[in-house]
């Protein structure tokens with residue numbers, strides 16, 4: 001399969017290519033495309049089990065996903081935006097996403113989601129390790145991530161990737177879309 005993106009070399013300064021990608025044993029992380037709306041909707045954005053612990057709600061229809069892809073495409077012009085689609089290397093099928101959700105004192109906090117079909121196969125750990133390596137290669141010294149207390153799978157992924165638990169935090173609202181209180185585990189990874 002031919003990809004219209006340049007391969008990212010993580011151990012050099014060539015990561016600043018116009019369309020970088022990150023390759024792992026089984027996956028290719030690449031910039032999003034408009035054509036990703038349909039597989040994104042089908043594979044994870046409409047699945048309430050996937051979005052259960054996310055800050056956003058499940059997409060009711062493909063139009064919501066297309067709108068999000070449009071907004072994300074506009075954000076790509078901002079150099080602080082670091083977002084990748086997670087795709088299967090053998091088929092190119094998008095099965096999730098990983099990105100920098102915000103910055104804390106200039107250091108990134110990351111977030112991710114993955115199609116339920118691909119849970120418990122070590123894929124998210126593979127992605128998270130590659131993404132943190134990429135961020136460190138870009139010059140960041142510390143990376144943050146949070147996971148809701150009940151999200152056992154994500155907490156395990158984060159720990160497998162070497163993140164260190166720093167504290168728990170109680171939030172009155174999970175997000176502006178979800179008004180339930182939650183306890184989150186806060187982690188950091190230092191280079």
Sorted largest first, the C-alpha extents of the range 68-150 along its principal axes in whole angstrom are 35, 31, 27
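Summing -39500 (n - 2.57) over the DSSP H runs of n ≥ 4 in the chain and dividing by its residue number, what mean residue ellipticity at 222 nm do you reach, to the nearest 500 deg cm²/dmol? Don't jump to the answer; show the numbers that get you there.
Numbers: 5 runs with 46 residues, N = 191.
Value at 222 nm, helices only, nearest 500: -7000 deg cm²/dmol.
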Strictly greater than 31 Å: what percent of every Cα pair in the chain meets that? 12 percent
If you rank 103, 118 by fewest surrounding Cβ atoms within 10 Å, what's the result? 103, 118
Arranged by the count of other C-beta atoms within 10 angstrom, fewest first, what order do 105, 47 take? 105, 47
Residue 170 and residue 88 label points (each 7 Å along its Cα→Cβ direction) are spaced in nm at 4.4 nm
Mind checking the full-extension length gain between residue 121 and residue 38? Use 0.36 nm per residue of separation minus the Cα-Cα distance, one decimal, nm. 27.5 nm
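What's the exposure ranking of 154, 46, 91, going from fewest to most Cβ atoms within 10 Å? Please list the in-between numbers first.
Details: 154 21, 46 17, 91 9.
Going from least to most buried by this count: 91, 46, 154.
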In nm, the gap between the two label points placed 7 Å beyond Cα toward Cβ at residue 25 and residue 62 is 3.6 nm
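Return the FRET efficiency for the residue pair residue 49, residue 77: r is the Cβ-Cβ distance, R0 is 25 Å, and the value is rounded to the nearest 0.05. Walk me through the intermediate numbers first.
Details: r = 33 Å, r/R0 = 1.33.
Efficiency, rounded to the nearest 0.05: 0.15.
State, as an integer percentage, the relative contact order of the chain based on alpha-carbon contacts under 8 Å between residues 6 or more apart.
Working: 333 pairs, mean separation 36.5, N = 191.
19 percent.
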Determine, from the Cβ-Cβ distance of residue 136 and residue 156 and an R0 of 25 Å, the FRET efficiency 1/(1 + (r/R0)^6), rounded to the nearest 0.05. 0.70
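Bear in mind these aren't lab numbers, they're just calculated from the coordinates by the rules spelled out. Everything numeric here is computed off the predicted structure, so don't read it as measured data. Cβ coordinates were reconstructed from backbone atoms using ideal geometry, including for glycine residues, and neighbour counts include every protein chain displayed.
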